[in-house]
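Worksheet: one structure, shown below.
The values are calculated or read from the model by the stated rules, or taken from the named source; none is laboratory data. Note that this is a predicted model, so its numbers are computed, not measured. Note that we place each Cβ from the backbone using ideal geometry, even for glycine, and neighbour counts take in every protein chain shown. Please note that ligands, DNA and RNA were not included when accessible areas were found on the heavy atoms of the full protein model with its side chains. Shrake-Rupley method; radii C 1.70, N 1.55, O 1.52, S 1.80 Å.
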Amino acid sequence: MLGLMQDWPLLMHRIIDHAAFNHGARKVISRSVEGPIVTTDYRTIRERALKVAKRLAKDGIGFGDRVGTLAWNGYRHLEAWYGIVGIGAVYHTLNPRLFPDQIAWIVNHAGDRLIMTDLTFVPLLEKLAGRLTSVERYVILTDAAHMPETTLKNAVAYETWLAEADDDFAWVEFDENTAAGMCYTSGTTGDPKGVVYSHRSNVLHSVMANNPDMLGLASRDVIMPVVPMFHANGWSLALTAPMAGATMVMPGAKMDGASIYDMLDRHAVTCSAAVPTVWLMLLQYLEQNPAARLPHLKRVVIGGSACPRAVTQTFRDVYDVEVLHAWGMTELSPLGTVCSMKPEYQDLDKEAWLDVKQTTGHAPFGVDMKITDDDGKRLPWDDKTFGRLKVRGPAVAKSYFKGDGGRILDDDGYFDTGDVATIDPYGYMRIVDRSKDVIKSGGEWISSIDLENIAVGHPDVAEAAVIGVHHPKWDERPLLVIVPKAGRTPDRHSLLTFMEGKVARWWLPDDVVFVAEIPHTATGKILKTALRAQFKEYKLPNA
Ligand code: AMP
């Protein structure tokens, strides 16, 4: 016997419909790339998203086509997402911080037919355009007055392009399992891999994220997603906020302490989300400006890499703000766990409370977790035993775009996160290490393997290893460890000069040390854990 309830496909554009009809006048406030603060609302966002959909269709973009977006957080980017998905096309966020070769590779792999870009990235795209073979048109997210001279193919100012359509358009209806969005993982080993979100996974994920034990947004909230929409599905805030009817504050390109404070204060933001580096910059700004307070801010979501204890403590003790430490991955849409307090942990003293807050918290309904040994055997949740962290759920990837990477689930349908973790008896998970040795700098990934491969190309180098060492601002920065060839004496300058231009500038190691040998595992791999222990106290020259 089947249930007799309606078949209401979980389509992403229903979220903006809900926001427009139930919270239509709620503001979306953006720091525009052109400069001024622009205020719009959910009703207008929906109207303009309908125009985006109609206008895309006029350009021949349709079901299943990928539309790249290279843009900061702002109202036009938000409209674009909903317009794209509203005709069954797929938004594909491009991370401008990647090395240009990687961006080109990703655009071609995804087969983006149209790219919507902020003014900021026009010069970058002009350099790459000759190689972006699938792209037929570039829509610059600005108006005619700010439209630059450009060599980009069929380039048009977004506002001019949009004016060629009206909002007399109905969303297209289709299966909820249709692709809605794409985001590539940063590819620590091999090429980046495309994660493909469906309408269903995006909608379910937002419902999960709005659980009060998770982000728990409400219509009374003013949420500022500092985390860019091009990071791990934008932590899904472009969906969870309109679903809740919360006011949105979009910071645009400016993420320094003063700019973030200005937006928090001026728009009475109650909740915000970003990687630890952003909060370190904000706290530093506040320290230098003692008159600046945070009377409106109630909670900040911090994830992407481990949140330092001092950040959680300062927010609590000085500003009366609760840190929600979160763990997630691009492959998880991205939320895996959030550290909110269950009743068992409600009445802890201040230090014990901070201990719990150092974990990444517990999973919502919709994320099943387990830790296993290398043979896949489940390990106990005793807060001590650590194992491979694996997850499954309706918003967890089951494979990558075009089947890259092959089978990624175990026999029970769990995805191996590549992280190593412990879980306590109440379900609080703690990341112990990453099985990949990626370096997280300001929330971005730096591949240690790529850097090593380049460094060993230097004529005087026998072996190279790169590890992340602590940096007060960027969380981690790469340290290059070199074993010189016998009889050779390369210096720091010659190595860094050699690497320059082969990777993005911010990937370059902050320092180089020379050693007689690098520790190895039994199978000849570099033993990163030992190396990290050896350089635990290492002070980078710019730290
Ligand atoms: P990404 O897909 O770029 O979001 O990166 C996901 C990875 O970031 C995870 O597999 C973890 O290794 C790491 N990560 C995310 N959040 C945290 C956190 N709160 N603490 C430690 N590592 C984290």
Discussion item. Filter region 118-132 down to the residues that are farther than 13 Å from Glu149 by Cα, of a type in the set (D, E, K, R) and open to solvent by 20 Å² or more (accessible area, probe 1.4 Å) and list them by number.
Written reply: Lys127, Arg131
Worksheet, complete the sentence: Of the residues in region 505-529 that are charged (D, E, K, R) and open to solvent by 40 Å² or more (accessible area, probe 1.4 Å), the one that is modelled with the lowest pLDDT is Lys525
Fill in: Selection count where residues are in a loop (DSSP other than H, G, I, E, B), crowded, with 18+ Cβ neighbours inside 10 Å and within 14 Å of the ligand (Cβ to nearest atom), scope region 399-425
1
Worksheet item: List, please: which pairs have Cβ atoms under 7 Å, are six or more places apart or on different chains, and start with a residue in region 356-384 that is under 14 Å from Gly427 (Cβ atoms) and end with one that is at pLDDT below 95 and among the basic types (Lys, Arg)?
Response: Thr359/Arg430; Thr360/Arg430; Ile371/Arg388
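Having 2 or more residues that are open to solvent by less than 30 Å² (accessible area, probe 1.4 Å) is the bar; report the strands (runs of 3 or more DSSP E) wholly within region 30-97 that clear it. Before you say what the answer is, go through the steps one by one.
Details: elements: 37-41, 66-70, 90-93.
It comes to 66-70, 90-93.
Find the helices (runs of 4 or more DSSP H) located wholly in region 253-332 whose residues include 1 or more that are within 12 Å of the ligand (Cβ to nearest atom), and list them.
Because the criterion is at least 1 residues that are within 12 Å of the ligand (Cβ to nearest atom), the helices (runs of 4 or more DSSP H) in region 253-332 that meet it are 276-288, 309-319.
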Worksheet item: What residue, among those in region 215-252 that are away from the ligand (no atom under 16 Å from the Cβ) and within 19 Å of Phe365 (Cβ to Cβ), is surrounded by the most Cβ atoms within 10 Å (Cβ to Cβ)?
Response: Leu239
Worksheet item: Which numbered condition trips up Leu348, out of (1) over 23 Å from Arg200 (Cα atoms); (2) not in a loop (DSSP other than H, G, I, E, B)?
Response: (2)
Fill in: Test set (1) open to solvent by 10 Å² or more (accessible area, probe 1.4 Å); (2) part of a strand (DSSP E or B) - Pro478 fails condition number
(1)
Worksheet item: Only one of (1) more than 15 Å from the ligand (Cβ to nearest atom); (2) of a type outside the set (Gly, Ala, Ser); (3) open to solvent by less than 20 Å² (accessible area, probe 1.4 Å) is not met by Cys183, so which one is it?
Response: (1)
Worksheet item: Glu444: surrounded by 19 or more Cβ atoms within 10 Å (Cβ to Cβ) and modelled with pLDDT under 90, yes or no?
Response: yes
Response to the item:
Matching residues in region 265-285 (buried (at least 24 other Cβ atoms within 10 Å of the Cβ) and more than 18 Å from Ser305 (Cβ to Cβ)) number 2
